[in-house]
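The values are calculated or read from the model by the stated rules, or taken from the named source; none is laboratory data. No experiment lies behind these values; they were computed from the predicted model shown. Cβ atoms come from the backbone with ideal geometry, glycine included; neighbour counts cover every protein chain shown. Accessible surface areas use protein heavy atoms only, side chains included; no ligands, DNA or RNA. Shrake-Rupley method; radii C 1.70, N 1.55, O 1.52, S 1.80 Å.
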Amino acid sequence: MRYLLIDCDPGHDDAMAILTACAHPEELKILGITTVGGNQTLKRVTENAKNILRFLCADIPLASGQEGPLVRRLQAAPEAHGDSGMDGFDFGTGDYPLASEHAVTFLYEKIMACPEKVTIAALAPLTNLALLLKVFPEVKEKISCISMMGGGISHGNCTELTEFNIYVDPEAAQIVFTSGIPIVMAGLDVTEKAAVTAEEIESLKTKGRISRMAGELLTFYHESGKQFGFVDSPIHDLCAVAYLLEPGMFRGERWHVEVSTEDGPARGLTYADKRLAGNEQKNVLVLEDVDRDRFAGLFIEALERLDASACSR
Ligand code: RIB
Ligand code: CA
């Protein structure tokens, strides 16, 4: 069993990752969820996180964090996720409690109070986590692993070379990648293979209320993905959680990874470097392949588990 903290910017794929994590309480004890500006503004992504947790009747502490990157201006992604940041489903009205403290303080308190080491699923720009490591460096020895969605060693989706989560805040990413904490990096090399089909999305809409909600959200996301040339829909962030549940469905290799932070076409490039001899420097497991059918199966089964157990409104 892992004690888990999730940092996110919902975001359709963030939402699917949260749902899947919530479906496995015996393996993942979720200590809390934090939000950061990314796909949309902090206000909107936090509202989206509240909606998901309220829909699940969850009792998971939630805190909001940084509005935007450490030193740059936030560049959201409405073209991918819509103006709300998670278009496609009407969650109705209602609220969900938000912790009074900032996400960085919230993360620090949860980590230090936990009786064991904590795993972090990082599904967004790494601004909150970079600040956590800078302000409270003592947390490093209590973090067993950061399983993140971000980067890539073969191509980008924000520019030719760079992936959105890293591009938005490359300085934060460099702080996290060079922290020495073991990292599992689900970059675009693997996440663009981790896709669900239109038929799988349609089938969700014939099931229970949580599967139907996911199906409606993914119907929007599927249509939106067509503008980027996707036939099936890559559930990028879900890879970071799926790895924690079933690492065997992935294949990867250990590299030393750093981030290019200067302005220009390489801003946010995650470059892997095998020339560094010492294994201790290869602190990043870069995932490069996934059993797509098993990935989709884990996701669909998770929704079925939630439908069987969650509150019915
Ligand atoms: O590049 C994909 C990443 O950017 C995902 O985390 C998605 O939610 C967006 O934040
Ligand atoms: Ca995300």
Worksheet item: Does the chain come out rounded, prolate or oblate by the C-alpha gyration tensor, with a ≥ b ≥ c the root eigenvalues, rounded set by a/c under 1.5 and, if not, prolate when a/b is larger than b/c and oblate if not?
Response: rounded
Worksheet, complete the sentence: Relative contact order as a percentage, region 1-141, C-alpha pairs under 8 Å and 6+ apart, gives 31
Item to complete: Run the quick spin-label model on Asp83 and Cys57: label points 7 Å from Cα toward the beta carbon, then report their separation in nm to one decimal.
Response: 3.3
Discussion item. Given a Förster distance of 30 Å, report the FRET efficiency between Glu160 and Arg251 from their Cβ-Cβ distance, rounded to the nearest 0.05.
Written reply: 0.75
Discussion item. Could you tell me the calculated FRET efficiency between His102 and Arg209, based on Cβ-Cβ distance and R0 = 41 angstrom, to the nearest 0.05?
Written reply: 0.80
Worksheet item: List the cysteines of the chain that have no other Cys Cβ closer than 4.7 Å: which are they?
Response: Cys8, Cys22, Cys114, Cys145, Cys158, Cys239
Worksheet entry | Cα lying deepest toward the dipole's positive end in region 228-313, options Leu303, Trp255, Ala240, charges on Cβ | Trp255
Worksheet item: Which value, in debye to the nearest 20, gives the size of the charge dipole of region 52-124 about its Cα centre, when Lys and Arg are +1 and Asp and Glu are -1 at the Cβ?
Response: 300
Worksheet item: Rounded, prolate or oblate: which fits region 1-119, taking a ≥ b ≥ c as square roots of the Cα gyration tensor eigenvalues, rounded meaning a/c under 1.5, else prolate when a/b beats b/c?
Response: oblate
Item to complete: Apply the Karplus parameterisation 6.51 cos²θ - 1.76 cosθ + 1.60, with θ equal to phi minus 60°, to every residue of region 181-190 and state each ³J(HN,Hα) to the nearest whole Hz, in sequence, with x for glycine and proline.
Response: 6, x, 10, 10, 9, 8, x, 5, 3, 9
Worksheet item: Ranked from highest to lowest mean number of other Cβ atoms within 10 Å per residue, what is the order of the peptides 190-196, 11-17?
Response: 11-17, 190-196
Worksheet entry | Total charge dipole magnitude, region 1-126, about the Cα centre, Cβ charges on Lys, Arg, Asp, Glu only, Debye to nearest 20 | 300
Discussion item. Tell me whether region 55-122 comes out rounded, prolate or oblate; compute the Cα gyration tensor, take square roots of the eigenvalues as a ≥ b ≥ c, and use a/c under 1.5 as the rounded threshold.
Written reply: oblate
Practice prompt. For the chain, with all protein chains present and a 1.4 Å probe, just round the carbon and sulfur fraction of the accessible area to a whole percent.
Written response: 51
Worksheet, complete the sentence: Taking a crude spin-label model, label points 7 Å out from Cα along the C-beta direction, the Ser309 to Glu27 distance in nm is 1.2
Practice prompt. Would you work out the charge dipole size for the chain about its Cα centre, treating the Cβ of every Lys and Arg as +1 and the Cβ of every Asp and Glu as -1, and quote it to the nearest 20 debye?
Written response: 540
Discussion item. Along the charge dipole of the chain, pointing to its positive end and built from +1/-1 on Cβ of Lys, Arg, Asp and Glu, which listed residue (Ala122, Ser100, Pro69) has its Cα farthest out?
Written reply: Ser100
Worksheet, complete the sentence: So Ala198 and Asp293, fully extended at 0.36 nm per residue minus their Cα-Cα distance, gain in nm 32.8 nm
Worksheet item: If contacts are Cα pairs under 8 angstrom and at least 6 residues apart, what is the relative contact order of the chain in percent?
Response: 20
